[in-house]
Amino acid sequence: MKILGIDTSTTLFSICLWEDGRILYELKRERNFYKKSRDAGFFEGIKELLNSLNDERLDGIAIAIGPGMFTSLRVGLALAKGLHFSMNIPIYAVNTLEVIARSFPYFEHGGGDIICAPVIDASQKEFFVGFYNNKKSLTTNLILTPQGFLDFINNRFKNNLIVAIGPGVENLVNSKEIRDSKQIIILKSSTFFPSASKVVEVALPRIKRKKYDDPDVLEPQYVKKTSAEARLEG
């Protein structure tokens, strides 16, 4: 079974080819917003990957659909839908915050009172965050400020140790109140960034059950209004 993994939730784009428990190929590219051809290298890598398959068929596409960056999520989903409609490959969409949470060592075996909080930058001093314990999501996708993060924890998880991970933890590091909190541990490491190979790992149970998504209704999980939508309403 061959699966194409795609993650474009953040500025770090990645794709991978997974086959029967092994990653055969993985490409990661940092998106440069100051170049008109910012996605050229990424799509060139996809082209090479697909060409390497020759006539072999992909059995599925696993993609992270957010929350994350508005334009980046659309790039990834447009790619997945294009491959679906041209090659009839089923799509399996997963939550980006869960992808990050699965990088946490205690995710699979439970962490007792430890709660994992994957964080992605949402701009304007806000961030996307979820809370996970013992392989389960404890909340919906949230968008919070540092103070909102503290208030939420004090209200919902005041007896738990919170471990924050992911590409958005700088939002927490810059808050003195959070840095001084004895309840919150911040782990700054690229190990906890989302990636295409982790996306496949999260999607695998559904892939094995053939619980694919309907591409006609599949949309990225934005959580917040885009700046364009805000301007229209304002």
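The values are calculated or read from the model by the stated rules, or taken from the named source; none is laboratory data. Remember, predicted model here, so these are calculated numbers, not experimental data. Glycine gets a Cβ as well: all are built from the backbone with ideal geometry, and neighbour counts include every protein chain shown.
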### Summary
Those residues of the range 122-146 which are over 19 Å from Pro194 (Cα atoms) and in contact with a Ser or Thr (Cβ under 8 Å, 6 or more places away or on another chain) amount to Lys125, Pro146
### Task
Assess whether Thr145 counts as being under 15 Å from Arg102 (Cβ atoms) and polar (S, T, N, Q).
no
## Note on the structure
The condition of being in the same structural domain as Ala78 (by TED's automatic domain parsing), within 25 Å of Thr71 (Cβ to Cβ) and at pLDDT below 80 holds, among Lys28, Lys36, only for Lys36
### Query
Can you tell me which residues in the range 1-17 are under 14 Å from Tyr92 (Cα atoms), among the hydrophobic types (A, V, I, L, M, F, W, C) and over 14 Å from the mean Cα position of the chain (by Cα)?
Ile3, Leu4
### Query
Scanning the range 176-200 for residues that are farther than 21 Å from Ile115 by Cβ, crowded, with 19+ Cβ neighbours inside 10 Å and of a type outside the set (Gly, Ala, Ser), which turns out nearest to the chain's Cα centre (by Cα)?
Val199
### Message
Whether any residue in the range 133-151 is of a type outside the set (Ser, Thr, Tyr), modelled with pLDDT of 95 or more, crowded, with 16+ Cβ neighbours inside 10 Å and within 15 Å of Phe104 (Cβ to Cβ) is what I want to check.
### Response
no
### Message
Out of Phe127, Phe152, I need the residue that is assigned to a helix (DSSP H, G or I) and aromatic (Phe, Trp, Tyr). Which one?
### Response
Phe152
### Message
Just checking, does the range 173-193 include any residue being in a helix (DSSP H, G or I), within 15 Å of Ser103 (Cα to Cα) and charged (D, E, K, R)?
### Response
no
